[in-house]
Amino acid sequence: MTGELPTALLSPGRSPEIPEASDVYGWLVGSWTLEVRRYAGADTPGLRGEIHAAWVLEGRAVQDTWIMPARGSRPGANPIQNMYGTTLRSWDPAIGAWRIAWSNPARSHYELQTGRWSGKDIVQLGVRPSGVATRWMFTEITPRSFHWLGDALAADGTTWIREAEFLATRVG
């Protein structure tokens with residue numbers, strides 16, 4: 001039983017406290033299908049997933065759920081390709097950016113990042129507990145699609161290694 005959680009959590013839109021120009025993630029609200037091209041550093045032909053996103057916490061944050069394989073294909077999922085996680089993207093006016101907390105308990109994968117516009121792209125930067133820098137990017141953003149790239153900085157400190165790549169298409 002969910003009780004009041006959905007009503008208390010979900011919001012109809014962005015809080016007026018967030019300037020329109022700082023609304024980096026509002027376009028993500030809705031449902032998306034995923035074509036998974038790469039995950040955990042390996043090519044993943046034919047792998048599909050889904051994303052669902054909504055405004056939460058009185059419109060001060062966008063929360064999403066990334067699911068891979070898609071819910072209809074989850075029984076017997078490859079443990080390495082198993083993702084059933086959530087991102088909380090909260091606006092922080094003190095730094096003029098979004099604080100991002102990713103949690104995928106299906107693989108014990110957790111990340112903290114900061115997200116901002118970089119031209120027409122969104123760039124999220126963070127550092128894993130191991131000290132490895134990460135760069136996750138939303139690129140080629142349109143009302144109906146986006147390209148998502150996940151990179152980690154190699155030990156040489158200059159080379160970014162592509163760990164994940166998704167193509168997303170809006171549902172409906």
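In region 26-50, the residue that is nearest to Ala154 (Cα to Cα) out of those that are surrounded by 15 or more Cβ atoms within 10 Å (Cβ to Cβ) and more than 16 Å from the chain's Cα centre (by Cα) is Thr44. Residue count for region 102-123 under the criterion of being free of Cβ contacts under 8 Å to residues at least 40 places away in the same chain, within 25 Å of Pro143 (Cβ to Cβ) and surrounded by 14 or more Cβ atoms within 10 Å (Cβ to Cβ): the result is 4.
Yes/no matrix, rows are residues, columns are (1) in contact with a strand residue (DSSP E or B) (Cβ under 6 Å, 6 or more places away or on another chain); (2) within 21 Å of Arg162 (Cα to Cα):
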| position | (1), (2) |
| --- | --- |
| Val24 | yes, no |
| Gly41 | yes, yes |
| Ile51 | yes, yes |
| Arg74 | no, no |
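Assess whether Phe146 counts as being under 18 Å from Ala21 (Cα atoms) and either in contact with a strand residue (DSSP E or B) (Cβ under 9 Å, 6 or more places away or on another chain) or of a type in the set (Val, Ile, Thr) (or both). So Phe146 fails the test. Region 88-172 holds strands (runs of 3 or more DSSP E) entirely within its bounds, and those carrying 2 or more residues that are under 14 Å from the mean Cα position of the chain (by Cα) and over 17 Å from Leu34 (Cα atoms) map to 97-104, 109-118, 121-127, 133-139.
Which residue, of Trp98, Trp91, is touching a helix residue (DSSP H, G or I) at 6+ places or on another chain (Cβ under 7 Å) and surrounded by 16 or more Cβ atoms within 10 Å (Cβ to Cβ)?
Trp91
Would you say Ser108 is of a type outside the set (D, E, K, R) and modelled with pLDDT of 95 or more? In short, no. Taken as a whole, the structure places Glu165 among residues that are open to solvent by 30 Å² or more (accessible area, probe 1.4 Å), touching a strand residue (DSSP E or B) at 6+ places or on another chain (Cβ under 7 Å) and under 16 Å from Met68 (Cα atoms).
Table: residues versus (1) touching a Lys or Arg at 6+ places or on another chain (Cβ under 8 Å); (2) more than 17 Å from Tyr25 (Cβ to Cβ).
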site: Pro93; (1), (2): no, no
site: Arg99; (1), (2): yes, no
site: Pro105; (1), (2): no, yes
site: Pro129; (1), (2): no, yes
site: His147; (1), (2): no, no
site: Glu165; (1), (2): yes, yes
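The values are calculated or read from the model by the stated rules, or taken from the named source; none is laboratory data. Since this is a predicted model, take the numbers as computed values, not measurements. Reconstructed Cβ throughout: ideal geometry from the backbone, glycine too, with neighbour counts over all protein chains shown. Heads up: the accessible areas ignore ligands, DNA and RNA and are worked out on the full protein's heavy atoms, side chains in. Shrake-Rupley method; radii C 1.70, N 1.55, O 1.52, S 1.80 Å.
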